[in-house]
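Participant: The structure that follows is given in the form of structure tokens.
Nothing in this text is a laboratory measurement; each read-out follows from the coordinates by a stated rule. Given the structure is predicted, the values throughout are model-derived calculations rather than measurements. Virtual Cβ from ideal backbone geometry, glycine too; neighbours counted across all protein chains shown.
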Amino acid sequence: MARLIPFISFDIVSYAAGLTSMSFPSFFIATGLGQIPATILYSYFGQQITRSAKIFLYAFSAIIIIGILVMLFKKSKKKESTEE
């Protein structure tokens with residue numbers, strides 16, 4: 001149950017379990033079962049962040065490309081005005 005509480009350090013839980021009469025197989029199984037909800041949540045939130053990151057990357061790339069095009073356009077206009 002202590003593995004389900006997100007703000008309690010795993011080290012503290014592991015040391016506390018080591019001080020009890022809990023056997024290693026019981027500790028191993030309890031840790032595995034306690035990790036399942038966190039793993040599912042982290043995977044879900046990671047997937048959501050990945051989607052947001054893709055949108056951010058596309059928007060940032062578009063801004064950079066537009067900026068480069070504007071700079072090239074200004075440079076060509078300046079070059080045309082100096083040639084005349």
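Participant: Points 7 angstrom from Cα along the Cβ direction at Met22 and Ser52: gap in nanometres?
Facilitator: Spacing of the two 7 Å Cα→Cβ label points: 3.3 nm.
Participant: Looking at the chain, which chymotrypsin sites (Phe, Trp or Tyr not before Pro) are DSSP coil and have at most 13 other C-beta atoms within 10 Å of their C-beta?
Facilitator: Filter output for the chain: Phe7.
Participant: Helix-only estimate, please: 222 nm mean residue ellipticity of the chain, summing -39500 (n - 2.57) across DSSP H runs of length 4 or more and dividing by its residues, to the nearest 500.
Facilitator: -30000 deg cm²/dmol
Participant: Moving on to the next point. Residue separation times 0.36 nm, minus the C-alpha to C-alpha distance between Ile63 and Gln35: what's the value?
Facilitator: Taking Ile63 through Gln35 to full extension adds about 6.0 nm, to one decimal.
Participant: Go through the stretch 45-50 residue by residue and turn each phi into a ³J(HN,Hα) via Karplus (6.51, -1.76, 1.60, θ = phi - 60°); whole Hz please, and just put x for glycine and proline.
Facilitator: With the stated coefficients, the stretch 45-50 comes to 5, x, 5, 5, 5, 4 Hz.
Participant: Among Gln48, Ser9, Leu72, whose Cα projects farthest towards the positive end of the dipole of the chain, with charges put on the beta-carbon of Lys, Arg (+1) and Asp, Glu (-1)?
Facilitator: Leu72
Participant: Can you work out the Karplus-derived ³J(HN,Hα) for every residue in the stretch 57-67? Use 6.51 cos²θ - 1.76 cosθ + 1.60 with θ = phi - 60°, whole Hz, and x for glycine or proline.
Facilitator: Running phi through 6.51 cos²θ - 1.76 cosθ + 1.60 with θ = phi - 60° gives 5, 5, 5, 4, 4, 4, 5, 5, 4, 4, x Hz.
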